[in-house]
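What follows is calculated from the coordinates using simple rules that are stated; it is not laboratory data. The structure presented is a predicted model; accordingly, all values stated were derived computationally and were not measured. Note that each Cβ is placed from the backbone with ideal geometry, even for glycine, and that neighbours are counted across all protein chains shown.
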Amino acid sequence: MRQIIFALILIGTMGNSKAHLKVSDAKIYYIPSSSGPAAGYMDLKNENSFAVSIKNITSLQFGKVEWHRSEIKNGMATMSKIEKPKFTPNQKIRLAPGGNHLMLFKPKESIDRLSNVEITFEYDDLKKQTISLEIENYTNGENNHH
Ligand SMILES: [Cu+2]
């Protein structure tokens, strides 16, 4: 039985290494001791030969996570929620201030003492991928233009 469980864990891990999206430079900006939203940034690449779309994003540390896109429309900065971000084969999307970003609402506890936050992407085919974001706090508001 133990071997079977071990084998299942191995398969699970292998499944993970063939994760749908390749992630790099994942980080979160937040204001210490704030209960306001934090912003998440990263580079994502779909290295598959098939399209991938994210159905749902969750985090154990936040009540709600959304994918947003900031744009300037008629001279006004606007932000809209993207319901199902989609990646065509080999497409790269960079989440960075001023463009696509994740918005993490309602921190469930103070994240001041943590060094990482984990979020989980759930894809259209129900596969999941957990991503660790390194926490970078900002106090001067310099990076506030997500
Ligand atoms: Cu936003």
Report summary line: Picked from region 58-76 (must be more than 12 Å from the chain's Cα centre (by Cα) and among the polar types (S, T, N, Q)), the residue nearest to Glu122 (Cα to Cα) is Gln61
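Let's see how each residue does on (1) assigned to a loop (DSSP other than H, G, I, E, B); (2) more than 16 Å from the ligand (Cβ to nearest atom); (3) in contact with a Ser or Thr (Cβ under 6 Å, 6 or more places away or on another chain):
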| site | (1), (2), (3) |
| --- | --- |
| Glu83 | yes, no, no |
| Pro89 | yes, yes, yes |
| Pro97 | yes, no, no |
| Leu102 | no, no, no |
| Ile111 | yes, yes, no |
| Phe121 | no, yes, no |
| Leu126 | yes, yes, no |
| Thr130 | no, yes, yes |
| Glu134 | no, yes, no |
Report summary line: Within region 81-122, residues being without any contact (Cβ under 8 Å) to a residue 24 or more places away in the chain and either surrounded by 12 or more Cβ atoms within 10 Å (Cβ to Cβ) or under 15 Å from the mean Cα position of the chain (by Cα) (or both) number 4
Report task. Go through (1) touching a residue at least 60 places away in the same chain (Cβ under 8 Å); (2) assigned to a strand (DSSP E or B) one by one and return the number of the condition Asp43 breaks. Result -> (1)
Requested in this report: Would you check which residues across region 39-69 are small (Gly, Ala, Ser), in contact with an Asp or Glu (Cβ under 8 Å, 6 or more places away or on another chain) and away from the ligand (no atom under 16 Å from the Cβ) and list them?
Outcome: Ser53
Query raised in the report: Would you say Lys55 is closer than 18 Å to Glu118 by Cα, assigned to a strand (DSSP E or B) and touching a Ser or Thr at 6+ places or on another chain (Cβ under 9 Å)?
Result: no
